[in-house]
Amino acid sequence: MQKQLAILIDPEKVSLKTNLLVNYMSETPPDYVLVGGSTGSVMEPLIKTLKAKVNAPVVIFPGNVSQISTSADALMFLSLLSGRNPEYLIGSHVKAATMLRSASIKVVPVGYILIDGGKHSAVERVSGTEPIKSTDIEHAVNTAYAGQLLGMQYIYLEAGSGATNPVPLQMISAVKSALSIPLIVGGGIRTPEALQSAYTAGADIVVIGNALESNPELYQQFKK
């Protein structure tokens, strides 16, 4: 598949700089806009703003059931495969089922794998799970492949919001080689060079979030 760029916006971190980022995206849209965070937050106003201003699919990246909104175009149905907390493997999904059965939103099963990015992440804190070590490539490969066998449509390697280190390129390459489904990579990618390196290693979709919260002007460089 063609390499794609997704921009992640956390509703809890919306600011004047976020508005500037939205303006940039309205001029040159990314492939996807992800909306969500690790804690409960009001999603609807941001989703409606993005739908009105940015010509790109708005996809929910939920931290919990309260963040599901039928105003978006799609929902990442995330299963935290790297952890063993049943709430994030299947529990929250069951709670969401009643709403989703009657919703028109597209639901996309995604195997979510947290990799140690050198910083204690919000996902660790909220889910109560540990990330896979950045050096344990075999475990990451086996976890991703198991997710594919379970029927996931995408695998998402995530180093965590504001990660000190992105997912290692060797790990991206090894995981991609084991999969026949698209690979998403995010966390700790702060420069266009790091973005290109992730693509070259095998990422099909790269997610940029934290880097643009403080410096939205970088968006134009990433989009190039």
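The values are calculated or read from the model by the stated rules, or taken from the named source; none is laboratory data. Small disclaimer: the values here were computed from a predicted structure and weren't measured. Cβ atoms come from the backbone with ideal geometry, glycine included; neighbour counts cover every protein chain shown. We work out accessible area using only protein heavy atoms, side chains counted, and drop any ligands, DNA or RNA first. Shrake-Rupley method; radii C 1.70, N 1.55, O 1.52, S 1.80 Å.
Within the group S26, S71, S38, which residue is at pLDDT below 90 and either out of contact with any Pro (no Cβ under 9 Å at 6 or more places or on another chain) or closer than 21 Å to G187 by Cβ (or both)? Step through it out loud before you land on a result.
On the way: S26 fails: at pLDDT below 90; S71 fails: at pLDDT below 90.
Checking each option against the conditions leaves just S38.
Does region 1-53 hold any residues that are among the aliphatic types (A, V, I, L, M), within 17 Å of I205 (Cα to Cα) and either open to solvent by 60 Å² or more (accessible area, probe 1.4 Å) or free of Cβ contacts under 8 Å to residues at least 40 places away in the same chain (or both), and which are they?
If the condition is that a residue be among the aliphatic types (A, V, I, L, M), within 17 Å of I205 (Cα to Cα) and either open to solvent by 60 Å² or more (accessible area, probe 1.4 Å) or free of Cβ contacts under 8 Å to residues at least 40 places away in the same chain (or both), then M1, V33, V35 are the ones that fit.
Yes or no, residue by residue, for (1) among the polar types (S, T, N, Q); (2) touching a Leu at 6+ places or on another chain (Cβ under 8 Å):
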| residue | (1), (2) |
| --- | --- |
| R101 | no, no |
| P109 | no, no |
| Y112 | no, yes |
| V126 | no, no |
| A144 | no, yes |
| T164 | yes, no |
| V185 | no, yes |
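Can you tell me which of L157, L114 is of a type outside the set (V, I, T) and closer than 17 Å to A6 by Cβ? Full working, then the answer.
Details: L114 fails: closer than 17 Å to A6 by Cβ.
Going through L157, L114 in turn, the sole match is L157.
State yes or no: is V141 farther than 21 Å from Q67 by Cα and under 19 Å from the mean Cα position of the chain (by Cα)?
Numbers: farther than 21 Å from Q67 by Cα: yes; under 19 Å from the mean Cα position of the chain (by Cα): yes.
Judged against the criteria, V141 is a match.
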